[in-house]
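Peer 1: Here it is, the structure, as structure tokens.
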Amino acid sequence: MQGNRRRDTSPELAVRRLVHASGMRYRVDYALPFDRRRKADLAFTRQRIAVFIDGCFWHGCQQHYAAPKSHSDYWRGKVEGNRRRDADTNRRLAEAGWLVLRYWEHDDPAETARHIAATVLSRRGMAR
């Protein structure tokens, strides 16, 4: 597991490039206010938007996750723990007034970037 990237994955970089090209600026690998060890892949701090691009294996995507045959108890617990932590993160950010956007690594980067940009622009309009 040590060789797996926590940040700067290919899907994350593809989305970041497109969001940046649309003129948006954001923070990368942003430590969350309630737990400095949990990090948003992208964060728009003024609009209080946290973006996560979840890996299908690590977060248990309904479409693509297939449990490994060996050490299945370990992996079941690991993925379920990740799902519980994701739900807890969503809840705690919402309680703090943040909007959470979650996408899967298999989602189209261009569509994801368009959705992020539209959401940021709508929140900017609300802040005025």
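Peer 1: Evaluate the charge dipole of region 79-128 about its Cα centre and quote only its size in Debye, nearest 20, assuming +1 on the Cβ of each Lys and Arg and -1 on the Cβ of each Asp and Glu.
Peer 2: Dipole of region 79-128, to the nearest 20 debye: 360 debye.
Peer 1: Here's another thing I want to ask about it. Extension gain Arg84-Ser122, at 0.36 nm per residue separation less the Cα-Cα distance, in nm?
Peer 2: Contour length minus Cα-Cα distance gives 10.8 nm.
Peer 1: So for the chain, taking the charge dipole from beta-carbon charges (+1 Lys/Arg, -1 Asp/Glu), which of Ser70, Val100, Asn82 sits furthest toward the positive end?
Peer 2: Among Ser70, Val100, Asn82, the one farthest towards the positive end of the dipole of the chain is Val100.
Peer 1: Give, rounded to the nearest 20 debye, the magnitude of the charge dipole that region 1-125 has about its Cα centre when Lys and Arg contribute +1 at Cβ and Asp and Glu contribute -1 at Cβ.
Peer 2: Roughly 500 debye for region 1-125.
Peer 1: Using only helices, what value at 222 nm comes out for the chain when you add -39,500 (n - 2.57) per DSSP H run of length 4 or more and divide by the total residues, to the nearest 500 deg cm²/dmol?
Peer 2: The helix contribution divided over the chain gives -15000 deg cm²/dmol.
Peer 1: If I model a spin label as a point 7 Å beyond the Cα along the Cα-Cβ vector, how far apart are those points for His64 and Ser10 in nm?
Peer 2: 0.9
Peer 1: Related question: Enumerate by residue number the chymotrypsin sites (Phe, Trp or Tyr not before Pro) in region 59-128 meeting two conditions: DSSP loop (anything except H, G, I, E, B), and at most 11 other Cβ atoms within 10 Å of the site's Cβ.
Peer 2: Passing both the DSSP loop test and the Cβ count: no residue.
Peer 1: Which Rg and Dmax, in Å, describe the Cα atoms of region 59-123?
Peer 2: 15.2, 46
Peer 1: Moving on to the next point. Could you let me know the centre-to-centre spacing of region 6-58 and region 76-128, using Cα atoms, in angstrom?
Peer 2: 9
We did not get these values from a lab; they are worked out from the coordinates using the rules stated. Everything numeric here is computed off the predicted structure, so don't read it as measured data. Backbone-built Cβ (ideal geometry, glycine too); neighbour counts: all protein chains shown.
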